[in-house]
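The values are calculated or read from the model by the stated rules, or taken from the named source; none is laboratory data. Computed from a predicted structure; not experimentally measured. Cβ placement follows ideal geometry from the backbone for every residue including glycine, while neighbour counts extend to all protein chains displayed. The area values use the complete protein model at the heavy-atom level, side chains included, leaving out ligands, DNA and RNA. Shrake-Rupley method; radii C 1.70, N 1.55, O 1.52, S 1.80 Å.
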Amino acid sequence: MADVPVTVRPLHRGDNYAADLDLNQRAFGPADPGGNEQRLASVRLSVDGGRYFGALSGDDVIGTARFLDMVQCWHGRLVPMAGVAGVKVAPEARGAGTGRALTAALLAEIEARGYPLSALFPATAPLYRSFGYEIAGGRYQVTLPGRSLRALLPPEAGPEGQDTLRRSGPADAAEISAVIERSYSAARASGPVNHDLATSALLLDDEDVYCYLGDDAFVCYGWSAPGEITVYFAVACTAAATRAVWSLIASHASIAGTVHAVAGPADPIGWLTAEPDARLQRTEAWMLRVISAPAAIAARGFPAGLTASVPLTLADPQFPANAGAWLLTVSGGRGRLARSPGEPGAGLRLGPRGLAALYAGTPLAALRMAGLASGGDPGTDAILDATFAATPYMLDHF
């Protein structure tokens, strides 16, 4: 195999993209065979969209990688984002740079399509850090006894009420997507994502997951073990809708002794139960890459009452268009990154990893201690901490 040149390119319907199933098991471990049809359907969507890349040695597919067409919420505003997923290389082909070649090809295509951001869940961080990704947020799980949901605390402010939920499925993908995005905006959330409608419909087509939709709420859950329920996704736009979601889960309390829920770190369930027995744990970390600094700043939301004007100097070997002297201005909840007439080196200095971490709300003190930021001054640090303040999370895994 070493004597056969390796080619990295987008795969097509005529290629053996079904090899993804074999590569996936050898790279990431055994998977439920019952999910193979859905996995291949998801791969086909990426193939048809030109977002699925393969490394070929002759006719053999020895590695694959893809990106998903997504949006990611940052302080309540939706930013186009390419979600990198399934980067894998056959064990016998590892150590020859194939993973790097796949990642480089994905990033080149992501930039060409104009995505401001890219995110991923890393199997190994050093590879992605070398391409400018940095840890930005987490995926969290709340665990609590089912009995704790039987009697939610009454509202202290505002009228009582409850949304009405109905069973939903793939045909409701557009309505579900709209509720998800409204909930993120209402919460001024940072980090959570939404899929394109075709992918959303595919994810909803799972007989082991029960989905319910209301005017202002969406929840899907399933039985993860005898006596245990896992809430895979739950969002709500109002207090009434939040109660509807958790009241639905509470209806299983006589059987479900334990409830696990994928949730944000500030999910209201911690303030709805009478006893403080909801335990929050960060189960995974995800990474962010700023592909186009000006576009990422223009698309992001910022605190409405904050005004800032800060000089920055960026370095970015992968995407030189990001490099140089810039002036960051923020006003009225919107940001702008414009070329500065000043000399490069003025103000805060960041590389691509530092910029990704700052964009995600990492405090400047932490960035300086980690060697990801230099220059500037303490006053500027305080302004930037307030400007980018966030506790990013994701509910999805990809």
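Data table
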quantity: Complete set of residues in region 320-375 that are part of a strand (DSSP E or B) and at positive phi; calculated: GLY324, GLY375
quantity: All positions within region 214-230 that are in a strand (DSSP E or B) and touching a Gly at 6+ places or on another chain (Cβ under 9 Å); calculated: GLU228, ILE229, THR230
quantity: Among the candidates LEU78, LEU68, residue that is in a strand (DSSP E or B) and within 17 Å of VAL290 (Cβ to Cβ); calculated: LEU78
quantity: ALA382 being of a type in the set (Gly, Ala, Ser), in a helix (DSSP H, G or I) and within 25 Å of the chain's Cα centre (by Cα); calculated: no
quantity: Some residue of region 118-133 being farther than 17 Å from ARG289 by Cβ and buried (at least 20 other Cβ atoms within 10 Å of the Cβ); calculated: no
quantity: Single condition ALA241 does not satisfy, out of (1) more than 28 Å from LEU117 (Cβ to Cβ); (2) out of contact with any Ser or Thr (no Cβ under 7 Å at 6 or more places or on another chain); (3) touching a residue at least 60 places away in the same chain (Cβ under 8 Å); (4) open to solvent by 20 Å² or more (accessible area, probe 1.4 Å); calculated: (4)
quantity: Which listed residue, of THR313, THR283, is surrounded by fewer than 18 Cβ atoms within 10 Å (Cβ to Cβ), in contact (Cβ under 8 Å) with a residue 24 or more places away in the chain and of a type in the set (Ser, Thr, Tyr); calculated: THR283
quantity: All positions within region 202-217 that are open to solvent by 30 Å² or more (accessible area, probe 1.4 Å) and either out of contact with any Pro (no Cβ under 6 Å at 6 or more places or on another chain) or among the small types (Gly, Ala, Ser) (or both); calculated: LEU202, LEU203, ASP206, GLU207, ASP208, VAL209, TYR210, TYR212, ASP215, ASP216
quantity: Filtered residues of region 276-319 (kept if under 18 Å from the mean Cα position of the chain (by Cα) and either in a strand (DSSP E or B) or basic (Lys, Arg) (or both)); calculated: GLN281, ARG282, THR283, GLU284, ALA285, TRP286, MET287, LEU288, ARG289, VAL290, ARG300
quantity: Index of the failed condition, ALA295 passing every other in (1) at pLDDT 95 or above; (2) surrounded by 15 or more Cβ atoms within 10 Å (Cβ to Cβ); (3) in contact with a Leu (Cβ under 8 Å, 6 or more places away or on another chain); calculated: (3)
quantity: Tally, over region 7-60, of residues that are at positive phi and open to solvent by 30 Å² or more (accessible area, probe 1.4 Å); calculated: 1
quantity: Residues (under 15 Å from LEU202 (Cβ atoms) and surrounded by fewer than 18 Cβ atoms within 10 Å (Cβ to Cβ)) located in region 163-191; calculated: GLY169, PRO170, ALA171, ALA174
quantity: Failed condition for ASP196, given (1) among the acidic types (Asp, Glu); (2) within 21 Å of LEU117 (Cα to Cα); (3) open to solvent by 70 Å² or more (accessible area, probe 1.4 Å); calculated: (3)
quantity: First in region 286-307 and among the polar types (S, T, N, Q), second anywhere and part of a helix (DSSP H, G or I) and buried (at least 20 other Cβ atoms within 10 Å of the Cβ), Cβ under 9 Å, 6 or more apart; calculated: SER292/ASN322
quantity: Lone unmet requirement of (1) more than 22 Å from LEU120 (Cβ to Cβ); (2) part of a helix (DSSP H, G or I) for SER254; calculated: (2)
quantity: Any hit, region 233-247, residues being assigned to a helix (DSSP H, G or I) and touching a helix residue (DSSP H, G or I) at 6+ places or on another chain (Cβ under 7 Å); calculated: yes
quantity: Among (1) touching a Leu at 6+ places or on another chain (Cβ under 8 Å); (2) closer than 26 Å to ARG113 by Cα; (3) of a type in the set (A, V, I, L, M); (4) in contact (Cβ under 8 Å) with a residue 40 or more places away in the chain - the single one LEU350 does not satisfy; calculated: (4)
